[in-house]
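What follows is a single structure, written as structure tokens, with notes after it.
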Amino acid sequence: MADTVYQKAARQVDAQLVPPLRSMLMARRLFAKQIVLPAGKYEIDWKKVTEMSAGNISYGMPQGDLERDMVKLTGEQLKTAFIFKGFMVEKQEWNAFRSDGISLDMTGAESAGQVVADREEAFLTLGWKRDGTLYEIKGLYNTPACSTEATSEVFSTFGNAVKKLMLARTVLKAAKVFGVNFNWALATGNYEELLGSMSSTGLNEVDTVRKMLNPVAGMPTGDIIDCPNLTADTGMLVPVDPTGRFLDLVIGQNPRTYFGYDSKLGEEASPIYGHVIEALVPRVKQPKAICTTTGL
């Protein structure tokens, strides 16, 4: 079946819109594993595992009277959340595209893409409040039962970022988070403080921090990430987890543009409506693997 003029327009806009959006989506960098669901699927079934008791040690092979734990699995259906924004295209401009192939003005689509990207950043970082009060879906920073490190180590003093990172890494080691490197998401002011932190002898603190974030050679590397949605003097240390052992991002649909018209008015009389739509949800499998850092 041949593409409609609406599909052709959407494809043209997506070709120009999506690449810039990718560079804006900073919070996505916290998810080393991203699962893209099949087209038309917007939810995923998964099982939560209840931790077993400690392992055993003996001088001989285990016998038939060995105590065994029952593996406890709790089923859950995780739904992706849709993030979207609508815009309009002038009828004259649309007719020029349809009749003469003149490229559409990207202003409306770019603005819609920008606000969708902004909403995604807040959603993945903090979460979504349907009623404006309580988080119905919680972002990484608000993960229930996550680890935390609250010692005051203000970044305005050289060396404090290194101290803070040492403390946070110790917390995650106690939570048995090993074999991975880390991203450190910071509120914008603290991010800029760290980038500008320099000793009296000209040493850049950020270089030491980056080395400390990447203790495991041969694994995907982590970095310092600017998260404007975090409250000042806060951050979170998140494992770079390519296997999805601790967390991943479930994507029902990456940002995509749609065009259409109001069927009540008819195609000839209706304005042309556009929408930028995506669907995704963060999934945290081991909450203790995320360490919030306060007192920065």
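The values are calculated or read from the model by the stated rules, or taken from the named source; none is laboratory data. Owing to the predicted nature of the structure, the values given are computational and were not obtained by experimental measurement. Glycine gets a Cβ as well: all are built from the backbone with ideal geometry, and neighbour counts include every protein chain shown.
If you check VAL154, VAL216, VAL162 for being under 23 Å from the mean Cα position of the chain (by Cα) and in contact (Cβ under 8 Å) with a residue 12 or more places away in the chain, only one passes: VAL216. Note on the stretch 237-266: among residues that are more than 24 Å from PRO144 (Cα to Cα) and among the basic types (Lys, Arg), the one that is farthest from the chain's Cα centre (by Cα) is LYS264.
Scanning the stretch 175-231 for residues that are within 17 Å of ALA289 (Cβ to Cβ) and part of a strand (DSSP E or B) yields ASN181, PHE182, ASN183, TRP184, ALA185, ILE225. Where strands (runs of 3 or more DSSP E) fall entirely within the stretch 234-287, those with at least 1 residues that are out of contact with any Ser or Thr (no Cβ under 6 Å at 6 or more places or on another chain) and charged (D, E, K, R) are at 247-261, 272-284. The sole residue among ALA32, ALA9, ALA39 that is at pLDDT 80 or above and over 18 Å from VAL281 (Cα atoms) is ALA9.
The single condition from (1) modelled with pLDDT of 95 or more; (2) of a type outside the set (Phe, Trp, Tyr); (3) in contact with a Lys or Arg (Cβ under 9 Å, 6 or more places away or on another chain) that ALA112 fails is (1). Restricting LYS288, LYS264 to those that are on the phi < 0 side of the Ramachandran plot and buried (at least 17 other Cβ atoms within 10 Å of the Cβ) reduces the list to LYS288.
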